[in-house]
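Values quoted throughout were computed directly from the atomic coordinates according to the rules given, and no laboratory measurement underlies them. Given the structure is predicted, the values throughout are model-derived calculations rather than measurements. Cβ atoms come from the backbone with ideal geometry, glycine included; neighbour counts cover every protein chain shown.
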Amino acid sequence: MSATHHEQAAHAFQEFLKAIEKLRDPEGGCPWDLKQTFESLKPHLIEEAYEIGDAVDEGPAKICEELGDLLSVIALYAQIGRENAHFSFESVIQGITDKLIRRHPHVFGDTKISGIQDVLENWEIIKQRERAESSTPSSTTSSGLLDGLPRSMPALLRAHEIGERCARVGFDWSSANGVAEKVREELQEFLAELTPSSETNQLEQSQQAQIGAEVSAKVIEEFGDLLFTLAQQSRHLGFSAEQSLAAANAKFIKRFKLLEGIIASEFSTQKMQDLSAEQLQTAWRQVKNTVP
């Protein structure tokens, strides 16, 4: 990257920070921006990150726009931090720069690597060292392998990352076939919980109500185990369960919109909820023939 490009970026960034500072100016700033706090900005931060994900499918121009939106939220966080003497944008940038250098000794140091796996293993070793150094003997904060995973992450994505981290220290299935066996096991356990036993069917009504709540909790537990294992299966096969489910959602939405069109055309005097199951299935088969 040329010095001229750096200079242009630095100038643009200075103007950007001035704009953010003006938005938070108590004398002439924006009432909405002045009202924001770390907590109130959290949903906006998550929303903007998701919008970048959508923008990737729309092209570079949209990515550029959405990156700017996300940066504006990050800048508001930094401005609020500076106003309260917690941190500044300078400390944010310096902190991530130091971290990138520290975690890439194969780029900024003398460490030799033979491929991506070495990078991931070194990365985890460095992170564990950082956790150990940041904790104190009196600290109650754990520094385990899975600490620091964002609780706000989508659950399937979090399950994928849990598997990734465990794999870096060798705690993983040796092959995708091994995970497939576990998927079958978890599926059977889930289905077994859906099938009431003969003993349960013979209980009195009051007893059934009590057991029903227990079974329901167990069904939820087994369903979660199945989803977690499916996330590990996708990881071993080289794709993200989160992205796979997102694609399935998109396909269903596309099909459902076509279904609505067919119903509006062929049953113009009836609402969807008024159609029989057979009519809906016939229309759905038409949709699936159009969008496999």
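A few notes on this one:
- Test item: Cα-centred dipole of the chain, Lys/Arg +1 and Asp/Glu -1 on Cβ, debye: 420 debye
- Considering all different alpha carbon pairs of the range 244-290, the Kirkwood hydrodynamic radius works out to 11.1 Å.
- Simple spin-label estimate for Leu275 and Phe13 gives 5.6 nm between the two label positions (7 Å along the Cα-to-Cβ direction from each Cα).
- Filter on Lys18/Lys42; Lys42/Lys251; Lys22/Lys99; Lys62/Lys254 - keep pairs with C-alpha separation over 24 Å: Lys42/Lys251; Lys22/Lys99
- Residue order, fewest to most surrounding Cβ atoms within 10 angstrom, among Lys35, Lys22, Lys127: Lys35, Lys22, Lys127
- The chain: projected area of the alpha-carbon convex hull, averaged over directions, in nm²: 27.3 nm²
- The ranking of Glu278, Glu90 by Cβ neighbour count inside 10 Å, starting from the fewest, reads Glu278, Glu90.
- Taking the average, over residues, of other Cβ atoms within 10 Å as the packing measure, peptides 248-256, 42-50 rank 42-50, 248-256 from highest down.
- Taking 0.36 nm per residue of separation and subtracting the Cα-Cα distance, full extension of the segment from Asp57 to Lys22 would add 9.2 nm.
- Cβ crowding within 10 Å, taken as a proxy for footprinting-reagent exposure, orders Trp284, Trp173 from fewest neighbours to most as Trp284, Trp173.
- Of Ser268, Ser174, Ser244, the residue with the greatest mean-square motion in the GNM of the chain, using alpha carbon springs below 10 Å, is Ser268.
- Only helices reaching 24 angstrom along their own axis (Cα) with mean Kyte-Doolittle hydropathy no lower than -0.5 count here, and for the DSSP H runs of the chain these are 3-23, 38-55, 60-83, 176-194, 205-237, 241-266.
- Cβ-based charge dipole, the range 9-164, positive-most Cα from Trp123, Phe13, Ile46: Trp123
- Neighbours of Glu47, meaning other residues whose beta-carbon lies under 12 angstrom from its beta-carbon, give a summed charge of -4 when Lys and Arg score +1 and Asp and Glu score -1.
- Listed residues His106, Val56, Ala75: farthest to the positive end of the dipole of the chain (Cβ charges): His106
- A crude spin-label estimate for the pair Glu65 and Ser88, with each label 7 Å from Cα along the Cβ direction, gives 3.4 nm.
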